[in-house]
Amino acid sequence: MGKIDIQINRIETSRLGDVDFENIQFGRVFSDHMFVADYENGKWGNFEILPFQDLNYNPAFNSLHYGQAVFEGMKAHLDAENNVVLFRPRDNFARLNRSCERLCMATIDPEIMLEGLSELVKIDKEWIPKTDDGALYIRPLMFATDQYIGVAPSETYKLVIFTCPVNKYYDAAVKVKVEDVYSRAAAGGIGFAKAAGNYAASLLPAKIANEEGYDQLIWTDAKEHKFIEESGTMNLMVIIDGKIITPPAGETILSGITRMSVLQIARDLGYSVEERQLSVDEIIEAQKAGLLEDMFGTGTAVTITHVSAFGRNGTNYTLPPLSERKVSKQLKSELEAIKRNQKEGYEQWIIVVR
Ligand code: COI
């Protein structure tokens, strides 16, 4: 027995036949259905699964003006028996609620979201790609719907969970620029939240970096631009002299579910892991000394994406060839196996939807 009654309206004719699963552009193909819910009068209701479609919006929705909008990203895969496997959904839903709290939005019982999501992925199971790098990317989204342009927390919200079949986010290793003018997040701000506005603020600096020949940025701390933070949509890790080092998730760095998972897998495999501040100078010194073995980003969309080179103030520093990045490749294949329920000992991270 579930916690909620979900009204289910199925699509008349599935759009599945139109999809070329080998050639999907990330985030542009949407599965047949979505789960929606409304928050009003202090509670969540109107739980519904319906065909993916436009929602009505009003120009006075305060999310459009003042940015009360948060989202999540998670993935589902198929296991060997063709069951849908969700990877750490409760962790994503807990983080969604932390984001909501920071943006003064309504929170929602994770079990309600899990129930809605489970029903949704059962209905759209055929949308899960069977390709090696494929997954069903799940996008929970919440935004404020009060029609009011005074600045105040909304009293009504919409929750939507929709899904996209995806392949790789990046086709190849990325070249990144150390950003030392713009900042993504500052202490006391909303950097730890998965808030829409954080991504809006990243677009101009990333565009400038693109024009300079980089794929993405490495953000540095807002105060001194000395210590590395995130990279694009990823958490960043380096391997220096056998040690996996990553800055601590906290006020300004999103607590990535992939980040947490990779660190745990690394510890379980016996690697040395350090979560500590890491300066750009330290990385450059290690590179010059031949001790910088790897640099890679972690995230739901990117899984593990290698950095080919990084630049600071116009000087580029190259990383070893991908053929030498054995540790990060091992971490990636362990993670992918866990996500498909092929690895004993990590059952607490997955939910098999039957
Ligand atoms: C994710 O990894 O799920 C992200 O949030 C990336 C997304 C902004 C494309």
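The values are calculated or read from the model by the stated rules, or taken from the named source; none is laboratory data. Because the structure is a prediction, the values reported are computed rather than measured. When we count neighbours, we look across all protein chains shown, and the Cβ atoms used for this are built from the backbone with ideal geometry, even at glycine. The accessibility values were calculated without ligands, DNA or RNA, using every heavy atom of the protein model including side chains. Shrake-Rupley method; radii C 1.70, N 1.55, O 1.52, S 1.80 Å.
Each of P205, P248, N341 was scored by the projection of its Cα onto the charge dipole of the chain, and the greatest displacement toward the positive side belongs to P248; charges sit on the C-beta of Lys, Arg, Asp and Glu.
The count of lysine pairs in the stretch 174-339 whose Cα atoms are under 17 Å apart, excluding pairs fewer than 8 places apart on the same chain, comes to 8. Taking only protein heavy atoms and a 1.4 Å probe, the accessible area of the chain is 48% carbon and sulfur.
Among F87, F26, F296, which one shows the highest mean-square fluctuation when the chain is modelled as a Gaussian network with alpha-carbon springs under 10 Å? The residue that fluctuates most here is F26. Counted by Cβ distance under 10 Å from S14, the other residues give a net charge of -3, where Lys and Arg count +1 and Asp and Glu count -1.
Placing one identical point scatterer on every Cα of the stretch 249-327 and ignoring solvent, what is log10 I(q)/I(0) from the Debye formula at q = 0.13, 0.18, 0.26 Å⁻¹? Treating every Cα as an identical point scatterer, log10 I(q)/I(0) equals -0.47, -0.93, -1.46. A 1.4 Å probe run over the protein chains yields, for the stretch 39-165, 42 Å² of accessible area per residue, whole-number rounding.
Farthest towards the positive end of the charge dipole of the chain, among the residues Y271, A80, P321, is the Cα of Y271, using unit charges on the Cβ of Lys, Arg, Asp and Glu. Mean sequence separation of contacting Cα pairs (under 8 Å, at least six apart), scaled by the length of the chain, corresponds to a relative contact order of 19 percent. Evaluated at q = 0.17 Å⁻¹, a Debye calculation over the C-alpha positions of the stretch 55-214 (equal weights, vacuum) places log10 I(q)/I(0) at -1.14. Every Cα-Cα pair in the stretch 1-82 was counted, and those over 22 Å apart are 48% of them.
According to the calculation over all Cα-Cα pairs in the stretch 66-110, the P(r) per 10 Å bin from zero is 26, 40, 22, 10, 1 %. Each principal axis of the Cα cloud of the stretch 174-339 was taken in turn, and the coordinate range along them, longest first, works out to 37, 33, 24 Å. Taking Cα centre as origin and charging only the Cβ of basic (Lys, Arg, +1) and acidic (Asp, Glu, -1) residues, the dipole magnitude of the stretch 174-339 rounds to 340 debye. Since only N235, M295, H225 are under comparison, the one whose Cα sits farthest along the positive direction of the charge dipole of the stretch 166-296, derived from C-beta charges on Lys, Arg, Asp and Glu, is N235.
Accessible surface computed residue by residue for the stretch 313-354, with neighbouring protein chains in place and a 1.4 Å probe, gives 58 Å² per residue. Placing +1 on the Cβ of every Lys and Arg and -1 on the Cβ of every Asp and Glu, with no other charges, gives the chain a dipole of roughly 280 debye about its Cα centre. In this Cβ point-charge picture (+1 for Lys and Arg, -1 for Asp and Glu), the stretch 7-168 has a dipole of about 420 debye about its Cα centre.
Take every Cα pair under 8 Å whose residues are at least 6 apart in sequence, average their separation, divide by the length of the stretch 174-339, and the relative contact order is 24 percent. Taking 0.36 nm per residue of separation and subtracting the current Cα-Cα distance, fully stretching the chain between A187 and E22 would add 55.2 nm.
Computed over Cα pairs, the Kirkwood radius of the stretch 220-267 leads via Stokes-Einstein (0.692 mPa s, 37 °C) to a diffusion coefficient of 285 µm² per second. Multiplying each eigenvalue of the alpha-carbon gyration tensor of the chain by 5 and taking the square root yields semi-axes of 34, 25, 18 Å, largest first, rounded to whole angstroms.
Dividing the helix sum by the residues of the chain, where each DSSP H run of 4 or more adds -39500 (n - 2.57), gives a mean residue ellipticity at 222 nm of -7500 deg cm²/dmol.
Taking N92, N23, N198 in turn, the Gaussian network model of the chain (Cα-Cα springs below 10 Å) assigns the largest fluctuation to N23. All alpha carbon pair distances within the stretch 307-354 were sorted into 5 Å bins beginning at 0; the resulting P(r) in whole percents reads 4, 17, 17, 14, 11, 10, 10, 8, 5, 2, 0. Helices assigned as whole DSSP H runs in the chain whose Cα atoms extend at least 15 Å along their own long axis and whose mean Kyte-Doolittle hydropathy is 0.0 or higher are found at 110-123, 196-211, 257-268.
Extending 7 Å from the Cα toward the beta-carbon at both K243 and L64 defines two label points whose distance is 5.2 nm.
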